[in-house]
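Let me begin by presenting the structure, written as structure tokens, before commenting on it.
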Amino acid sequence: MNGLFIPFLYTPGAQGMHLRGLTGADELSVEANNTSGVLALLRSLSQNGNNGNRFDAAAIVTADRDRVIARLYRTLYGAKISSTLECRGCGQKFDLDFSLDDLLAHCYPAEVSIPDDGMYEPEPGIRFRLPTGEDEIAVEGVDGTTAVNILLKRCMGAGEPEIIGESVQIKMAELAPVLSQEMQAVCPECGLVQQVLFDMQSFFMARLTAERRNLLEEVHLIASHYHWSHREILDLTRTERKHYAFLIAEN
């Protein structure tokens, strides 16, 4: 991964986001599996320059940020999503696999019309914008119902959240679905049908942090063979680092 441009569908005033190649330093910097942690990573990967990003990662509409994370995941790991679940009935472990490409095709329309000011008006007297990372940060650590109320008050430009908040949430989900989806899984051992939640952001961050031991082993291998400094190795892109580690292991 040497660089990516991911176009936006929902974020007003921005065409998309440029990301540079992920390095070992970026991977080691990941601490929290939450919105703050994701935004910190995206800020680090954001490119500057004539064709770079002129906005903060927190200003990206949540549905667009999910697409950025999905594209980043696909570039690093491929389109297949694999996870191991424990059956709620018999307790046996089983695998759940699906295609990220299929999920993206299901969730996102081909074209979306974004109001210039980002405010949608589905009917007279009701105006709202789509949630962003800034809104999510504002409700981190707040309980569910209170968090929803705070978020609605931040996003609604007209209308009473207490009265029409639920319908606004439904409309938001229809306009800009996020990649946090309930999926149906069937246990191959007992046949129990169960609902499981897939969250793109959490899944990606968990995958990155789970590979930290591999990262440190690759750094150790390259340092032992080439005698490069710790910083020099961590500044390599993930692709470069893994290629060097592979060449050393092959010889």
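Points to keep in mind about this one:
- Placed amide H near Thr132: partners under 5 Å, 5+ positions off or other chain: Thr62
- Tilt relative to the chain, helix 212-226 - C-alpha long axis, 0 to 90 degrees, to 10: 30 degrees
- From its DSSP helices (H runs of at least four residues, each -39,500 (n - 2.57)), the chain gives a residue-normalised ellipticity at 222 nm of -14000 deg cm²/dmol.
- Degrees, to the nearest 10: 62-77 long Cα axis against longest axis of the chain: 20 degrees
- Relative contact order [Cα under 8 Å, 6+ residues apart], the chain, whole percent: 23 percent
- Anisotropy class of the chain from Cα gyration tensor, a/c 1.5 cut: oblate
- Positive dipole terminus of the chain, leading residue within Phe55, Pro115, Thr75 (C-beta point charges): Thr75
- Taken along the Cα-to-beta-carbon direction at a fixed 7 Å, the label points for Asp116 and Leu96 span 4.4 nm.
- The 3J(HN,Hα) values that the Karplus relation (6.51, -1.76, 1.60; θ = phi - 60°) gives for the range 6-15 are, in residue order, 10, x, 9, 10, 10, 7, x, x, 9, 7 Hz. Gly and Pro appear as x.
- If you run the Gaussian network model on the chain, springs between alpha carbon atoms under 10 Å, then out of Phe198, Phe94, Phe55 the most flexible one is Phe94.
- Most mobile of Gln201, Gln184, Gln169 in a GNM of the chain (Cα contacts under 10 Å): Gln184
- Oblate is the label for the range 176-223. Its Cα gyration tensor axes, ordered a ≥ b ≥ c, give a/c of at least 1.5 and b/c at or above a/b.
- Checking Cβ-Cβ separations below 4.7 Å across the chain identifies Cys107, Cys155 as cysteines lacking any candidate disulfide partner.
- The phi torsions of the range 199-211, fed into the Karplus equation with coefficients 6.51, -1.76 and 1.60 and a -60° offset, translate into couplings of 10, 4, 5, 5, 5, 5, 5, 5, 5, 4, 5, 5, 8 Hz, rounded to whole numbers, with Gly and Pro shown as x.
- Figure legend: label point modelled 7 angstrom from the Cα of Ile248 along Cα→Cβ; residues of the range 1-42 with amide N under 18 Å from it are 23-28.
- Note on Lys80 and Arg231: with the Förster distance fixed at 30 Å, the Cβ-Cβ geometry gives a FRET efficiency of about 0.35.
- Relative to the longest principal axis of the Cα atoms of the chain, helix 35-45 runs at roughly 60 degrees.
- Top of Asn214, Asn149, Asn33 by mean-square fluctuation, Gaussian network on the chain, Cα under 10 Å: Asn214
- For the pair Arg154 and Gln15 in one chain, pulling the backbone fully straight at 0.36 nm per residue adds 47.7 nm over the alpha carbon distance.
- Proximal lysines to Lys80, defined as alpha-carbon separation beneath 25 angstrom and excluding residues fewer than eight positions away on the same chain: Lys93, Lys242
- Counting every other Cβ atom within 10 Å of each residue's Cβ, Cys190, Cys107 order from fewest to most as Cys190, Cys107.
- For Met17, distant residues with modelled amide H under 5 Å away: Ile6, Phe8
- Once backbone amide H atoms are built at 1.01 Å from N, Thr11 has Val61 as its partners under 5 Å, excluding neighbours fewer than 5 places away on the same chain.
- Length gained when the stretch Ser44-Ser180 is fully extended (0.36 nm per residue, less Cα-Cα span): 46.6 nm
Coordinate-derived values only; no laboratory data. Keep in mind the model is a prediction, meaning the values are calculated, not measured. Here the Cβ is made from the backbone with ideal geometry for all residues, glycine too, and neighbour counts use every protein chain on show.
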